[in-house]
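Below is one structure, written out as structure tokens, with a few remarks after it.
Nothing in this text is a laboratory measurement; each read-out follows from the coordinates by a stated rule. From a predicted model like this one, the values you see are computed outputs, not experimental measurements. Don't worry about glycine lacking a Cβ; one is built from the backbone with ideal geometry, like all the others, and counts go over all protein chains shown.
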Amino acid sequence: MRYYTRNQSSYQFIGGDYPAVKMLLILNFIAYLLQWLLSITGGENFVYNYLALSPRIWEGQIWQLVTYMFLHADVWHMLFNMLALWLFGKELEMTWGSNEFLKYYFICGIGAGLTFLLFSKGVVIGASGAVFGLLLAFGMTFPDQIILMSLIFPIKAKYMVIIYGVITFMNIANPSGDGVAHFAHLGGMVFGLIYLKKEWFVFKANRTKMEIKPRRSESKELRPLPPREDRSEAMRSKVDSILDKINEVGYDHLTKEEKEILLEASQHLSNSDRPNIKH
């Protein structure tokens, strides 16, 4: 599937580049501030009863499918998601346009919530499901772009998608009670993949009705940091080789040693993130 750059749409009240991403960032920060004010004034039950995503949507509270994406467990939960939204979202918005980007973001977020509720009767908050959808789209749109995983390891975007996908499946297969909604992560990626594969993009369907031009191949790569030590470089080389093998023949064809190496790398990744992130 090929992507094209289009003009930014009607979010000019934000101004500048990436208006939709900026709007989402602002709304998330405002929502977190309001959530904090409610928590210190005794209104936390209102947040979790009416705004967080729960089985109450089947009783008519369908707005929760949207509101839960703007709530977060703590400031680190929010900052992690907002950093990912900025890093992945701005390139996608520039490539797709603001309207298409927002549509995709909310489809992934709503799909993540529905997937969670299919397998759980609990309550979930956070934008991570939508963010995992953005990660998938970024990896498919810019597969060879170099990004810094955990701000340390330079890695191609397509491999980062594989790593997080494997981590998600491993956590679902071996639940640890970490309080993380892994099914929501999976749902965000699955709904994003369905959306991309079905080619429901408005600009693709109406390609002949607008002026389009191929996106220039510009070097947007983050500058890789030099390896801090030989061990880190050796581990990255091994992981890259294993990911190439997964890409060619699948995870099931890995040897026991290769799976152990991948597990060690995934544990390093998990330890670098805040452990009490809800999803």
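For a quick check: sort Val161, Val124 by the number of other beta carbons within 10 angstrom, fewest at the front.
Going from least to most buried by this count: Val161, Val124.
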Go through 33-39, 108-114, 137-143 and give me the packing order, highest mean Cβ count within 10 Å leading.
108-114, 137-143, 33-39
With a 22 Å threshold on alpha-carbon distance, the violating pairs from Lys22/Lys103; Lys198/Lys245; Lys158/Lys197; Lys121/Lys158 are Lys198/Lys245; Lys121/Lys158
